[in-house]
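Just so you know, all these numbers are worked out from the coordinates, no wet-lab data involved. This is a predicted model, so every value here is computed, not measured. All Cβ positions, glycine included, derive from the backbone under ideal geometry; neighbour counts span all protein chains shown.
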């Protein structure tokens, strides 16, 4: 059990527990940059995330900061989308092309970083302008948002946290930050489980590495959930955004 990967799991667990962001956004690029094949990094991260986010969901449920109805609507879109994406990956053999997978991961990281830098206050302000239109279609839009996340997360393992949170803020601007984090994590459980099982079927999961990451992340995510809403969220998100921009840029250059 490599202590460096245990420490990575602990750091990511803290971030996920506090903000709902950080699992795929940090773990997958870290694994790729240390020499793990991109497809294996994505599959292993999804398997690890399914377990770690289950722990996070239980912690948030104990604090009553999960809206299962909204998480269920997201899953109605994301779970079928994840299954279809796995089928496309299997038929096209894209997952075996490291350069293509690395570029997709880089794009997902940059999108996630931009979402973090935009800030929830700006997104909430914009959403409030169109609240009447959103309210009439909120359920359907939530399912569509889930479908978009299902494709992106299955291809790159990135997006369930940061982009999921941004979509929740846009669709539910009055929802408290801690409840957004809890609902976002709860939705990620079925999504990462289906996507992870699909990548396991494709042979892209290193179970020993996933177990090592979990050794650090489970206590980290529980501790982070207890700190949710008590630390300067904006500072944490800006720091994470710049890390993701750096990782995304490095991976983009590596893909060519």
Compare 205, 178, 88 in a GNM of the chain, Cα atoms joined below 10 Å, and give the one with the largest fluctuation. 88
Between 198, 56, 72, find the one with the highest GNM mean-square fluctuation for the chain; connect C-alpha pairs within less than 10 Å. 72
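Evaluate the relative contact order of the chain (contact order divided by residue number), counting alpha-carbon pairs under 8 angstrom at least 6 apart; express in whole percent.
Numbers: 464 pairs, mean separation 115.3, N = 256.
Computed value for the chain: 45 percent relative contact order.
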Out of 146, 119, 216, any idea which swings most in a Gaussian network model of the chain, alpha carbons joined below 10 Å? 119
0 to 90° range, to nearest 10: angle between helix 207-227 axis and the chain longest Cα axis: 20 degrees
Once both axes come from the Cα atoms, what is the angle between helix 233-254 and the longest principal axis of the chain, in degrees from 0 to 90, rounded to 10? 30 degrees
Working note, region 3-254: Cα radius of gyration (Å, one decimal) and Dmax (Å, whole number) are 16.5, 51
Hey, what angle do you get for helix 23-33 against the long axis of the chain, alpha-carbon based, 0 to 90 degrees rounded to 10? 20 degrees
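Just rank 5, 253, fewest to most, by other beta-carbon atoms within 10 angstrom. Could the numbers behind the result be given before it?
Details: 5 23, 253 10.
By the 10 Å Cβ count, ascending, the order reads 253, 5.
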